[in-house]
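The structure appears below as structure tokens.
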Amino acid sequence: MQADFLREKFLEFFKSQKHKIVESDSLVPKDDLTVLFTPAGMNQFKKEFLGFDSGFKRAATSQRCLRTDDLDKVGKTSSHHTFFEMLGNFSFGDYFKDEAIVWAWEFLTKELKIKEDKLWVSVYKDDTEAYKIWKDKIGIPVKKIIKLGDKDNFWPAEAKTKGPNGPCGPCSEIFYDFGADVGCGEKICDPSCSCGRFVEIWNLVFTQFNRKEDGSLEPLPNKNIDTGMGLERLAAVMQGKQNNFETELFQPIVKEVCNAVPRSPNLKIVYAIADHIRAVVFSIYDGIMPSNEGRGYIVRKIIRKASLHLKSLGIKDHFFDRLVPIVAEIMRKPYPELINQREEIAQIVLAEEKNFIHGLGSSEELFKSKFTEFIDKPNAETVGNIAFLLHDTYGIPFELTCQWLEKHKVSFSKKAFEQAMEEQRARSKLGSAMKGDVFSVKELNLKVKETEFLGYKEFKCEAKILKIIKNNKLVEMASVGETVEIILDKTVFYPESGGQVGDTGKIIKGESIFRVENTDIHDKVHFHWGKVTVGTFKIADEVKVEIDFERRMSIAKNHTATHILQAALRKVLGTHVQQQGSLVAEDKFRFDFTHFKGLSKEEIARVEEVANSYISKSQAVNCKEMALKEAKKAGALAFFEEKYGENVRVVSIGDISRELCGGTHLDNISKIGLIKITSEGSVASGIRRIEGVTSGFAEQFIKDEEQRAIAESRKRDKIKELKEQEKKRNLEVNHSLKDAIPRLISKSIKINGVNVVSSLEIGLDMNALRLLADKVKVELKQGVIALGSQDNAQKKAYLVIAVTQDLLSKGLNAGALIRQVAPLIGGSGGGRPDFAQAGGSKPENLAQAFEELRKVINL
């Protein structure tokens, strides 16, 4: 049985048991800050586990998951993966242990026809209820029911003693026995042994307790079921394979790598590569781009790890990107959209891989810059820590760093490197493990129905206050000056979501006014955040609600403009363009999209031209509710970050655009008026960002640009004029300098056998004095030239002294001379033996300085 069949079989079985089949959530957990990636099937149902009524009590999924805490084990064992699919069935206060165990056994033994004697089970040591069900109802021999402790058979592991607080409970695992000829061979071998004979295929978690702050466990009023079965492990078992990598989920990738390797490869390395490409493909599919922080850093790290694996196999050029289409083909049935996105994903992987390979090629320069100082000043611990940073930040293998350090005789501490590595592993585990309490969802205690939203068609309505929240606590009333959140039974205020900012406006009760400064949403409940400016408001008040209409219309123009922009980008750049994020505000919009290089000025102009040509068509904007499958079939574009339900809102603009979108829009695109792109740049590898404005904001931007252009033109003209004036002045100065040379030489006097020229020159700056001194020195042949100039308005004095070469050997030094006389003009100076200069604040003392110079030369 292949994985596609098993996935479908599992979902069909639980559908027949009245479970709602829910699509896999994204790898990016929505509204869940406790985990970095989606690590299990239960994560998308946290609200339901806490009692939130989503309209169903039973659910089943095939959830794509990603875990990185065992990254170094991938490929080395038969069943460790970063990316995997978890089959799961869930009950939210409906059925419990009896049904969960019976259905699990029925699916494995009746539906999949696994022989009963190949299955063992484990139960929590104190869970007599589960033990009895397995023993008495299912009829499993006692020797095949293993009792395990808190670490193995309680969820979360060791929660009773270590936390976290919140829902928890015992679990029961089902194991497949590969037979006595596999593993350790001991007669007493059972699932508690890690020899490989037994593989866990299904974990049934019975969430029946709530762990309190003091560590005590109290029974939950509604007991839940949370099960998880790895599809990859199940496929291996059903295909008679002891290693998951031998199944059809991995083998096409494995074969592609093996065919490219010049020699017989290390299969463990090949398996790791096969795992990593799946993790990378689905991360990018879910909008996680390689970067230097958060989830993107993990994706970058996995790509680099795979590139190093390929390099160790003898593949030195980029290759990892070639595996993307293979993954898309393998996963075609559950994820048909991957086929259309494979080129885009491959391009992102290629760009990242090339950058890393280039970085490895330039590692020699990196080593020099980081380690050269330690050749003469040894510090083994610091070098070890730097080696870790090179490994962690640049992906440079420790072995490569060691070779360079040993070659250049730089001592290093391997212990420091390993300690830093261990700390990083701990951080990684923390990132993919739960933080804080198991669940933390404030709004579920509000006990209010979802807010009725009327804002697509109405801008005013009457409503009733249901709740008032101040400082995260429910209050009965809000008075003037208080900042609170108000929940209404209905509203026209659009909440901040999907990149669109929340509405602002007023809630009115008679003379009382509540100024709404932002609107947010949690679990379909709208929170109106703001301040009471007049009067008071209390629970159950009947109020009038109205948004800031002009602001809403500006936002609508910008939101509809992003749809037009995406259509224009796809036409100009290609259909690989897909939205990766956005901001829709009153005065501007921002649009992030997939593309692999910066846009040229010509491309930006063309995108703008196409977008505005669409606007000129005056197409109507139609919004329609339909089933998600129907919308995708119709070609509606979806945004990766959004989690869509079974029914979605499709915004269509004639034959120009069709997107899944819950935002507010215009009724006709002609009302946008004009789209103007204000900037374009990079956000991350393979992600570009365009910022723009519309309508009046666009017109004002163009006017401002024109004014800036005029001002810039005038500035250029002024600079040109000044340069011309400077050029003219320099010509005049040169002429005047040329005329001054004979005059200055004629003023030369002999002092102690040295020709000395000293003169106060009117209107010359320091540059002109230098130039004149050089010219006089050439004509004078032998002597000392001292020239000064003054700016009495600025109280500045300029002085230069030049000495001909023949006098240097006689002890005359321009630098020494100027240091002796510069204090007289209120300054200091210095320079070369043959030329020096000084500036000062006493221009009236230049004549005194010349006199002092003559005295010094006469000594």
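Output yes when any residue across segment 466-482 is part of a strand (DSSP E or B), open to solvent by less than 40 Å² (accessible area, probe 1.4 Å) and at positive phi, and no when none is. Looking for residues that are part of a strand (DSSP E or B), open to solvent by less than 40 Å² (accessible area, probe 1.4 Å) and at positive phi, one finds none in segment 466-482, hence no. Name the residue that is nearest to the chain's Cα centre (by Cα), counting only residues in segment 147-165 that are surrounded by fewer than 21 Cβ atoms within 10 Å (Cβ to Cβ), more than 28 Å from Glu106 (Cα to Cα) and not basic (Lys, Arg). Among those that are surrounded by fewer than 21 Cβ atoms within 10 Å (Cβ to Cβ), more than 28 Å from Glu106 (Cα to Cα) and not basic (Lys, Arg), it is Pro164. Checked against (1) exposed (fewer than 10 other Cβ atoms within 10 Å of the Cβ); (2) in contact with a strand residue (DSSP E or B) (Cβ under 8 Å, 6 or more places away or on another chain); (3) small (Gly, Ala, Ser), Ser746 passes all but condition (2).
Note on segment 553-591: residues that are assigned to a helix (DSSP H, G or I) and not charged (D, E, K, R) total 18. The set of residues in segment 140-165 that are touching a helix residue (DSSP H, G or I) at 6+ places or on another chain (Cβ under 7 Å), at pLDDT 85 or above and of a type outside the set (D, E, K, R) comprises Ile140, Val142, Ile145, Phe154. Within segment 381-405, if we keep just the residues that are at pLDDT 80 or above and small (Gly, Ala, Ser), the residue that is nearest to the chain's Cα centre (by Cα) turns out to be Ala387. Leu338 meets the conditions (1) over 16 Å from Leu27 (Cβ atoms); (2) in contact with a helix residue (DSSP H, G or I) (Cβ under 6 Å, 6 or more places away or on another chain); (3) surrounded by fewer than 21 Cβ atoms within 10 Å (Cβ to Cβ) in every case but one. The failed one is (1).
For segment 791-813, which residues satisfy the criterion of being at pLDDT 90 or above, open to solvent by 50 Å² or more (accessible area, probe 1.4 Å) and outside any helix (DSSP H, G or I)? Across segment 791-813, the qualifying residues are Lys796, Tyr798, Asn813. Among what's in segment 183-197 and is in contact (Cβ under 8 Å) with a residue 12 or more places away in the chain and open to solvent by 20 Å² or more (accessible area, probe 1.4 Å), pick the residue that is nearest to the chain's Cα centre (by Cα). So the residue we want is Gly196. In summary, strands (runs of 3 or more DSSP E) completely within segment 494-552 and bearing 1 or more residues that are open to solvent by less than 60 Å² (accessible area, probe 1.4 Å), without any contact (Cβ under 8 Å) to a residue 24 or more places away in the chain and touching a strand residue (DSSP E or B) at 6+ places or on another chain (Cβ under 8 Å) occur at 512-522.
Look through Ala816, Ala822 and report the one residue that is open to solvent by less than 10 Å² (accessible area, probe 1.4 Å) and not in a loop (DSSP other than H, G, I, E, B). Exactly one residue qualifies, and that residue is Ala822. Criterion applied to Thr34, Thr61, Thr38 was being open to solvent by less than 30 Å² (accessible area, probe 1.4 Å) and in contact with a Pro (Cβ under 6 Å, 6 or more places away or on another chain), and the one residue passing it is Thr38. Of all residue pairs spaced 6 or more apart or on separate chains, none has beta-carbon atoms under 8 Å together with a first member in segment 787-804 that is without any contact (Cβ under 8 Å) to a residue 24 or more places away in the chain and a second member that is open to solvent by 10 Å² or more (accessible area, probe 1.4 Å). Kindly indicate whether any position in segment 70-85 is open to solvent by 40 Å² or more (accessible area, probe 1.4 Å), at pLDDT 90 or above and among the basic types (Lys, Arg). Checked against the condition, which is being open to solvent by 40 Å² or more (accessible area, probe 1.4 Å), at pLDDT 90 or above and among the basic types (Lys, Arg), segment 70-85 yields no hits at all.
Can you name the residue in segment 441-493 that is of a type in the set (S, T, N, Q) and touching a residue at least 12 places away in the same chain (Cβ under 8 Å) and is also farthest from Cys661 (Cα to Cα) among such residues? Once the filter is applied, the top-ranked residue is Ser479.
The values are calculated or read from the model by the stated rules, or taken from the named source; none is laboratory data. Remember, it's a predicted structure, so these values are computed and weren't measured experimentally. Ideal geometry is used to build each Cβ from the backbone, glycine not excepted, and the neighbour counts take in all protein chains shown. Side chains are part of the model used for accessible areas, which takes the heavy atoms of the whole protein and leaves out ligands, DNA and RNA. Shrake-Rupley method; radii C 1.70, N 1.55, O 1.52, S 1.80 Å.
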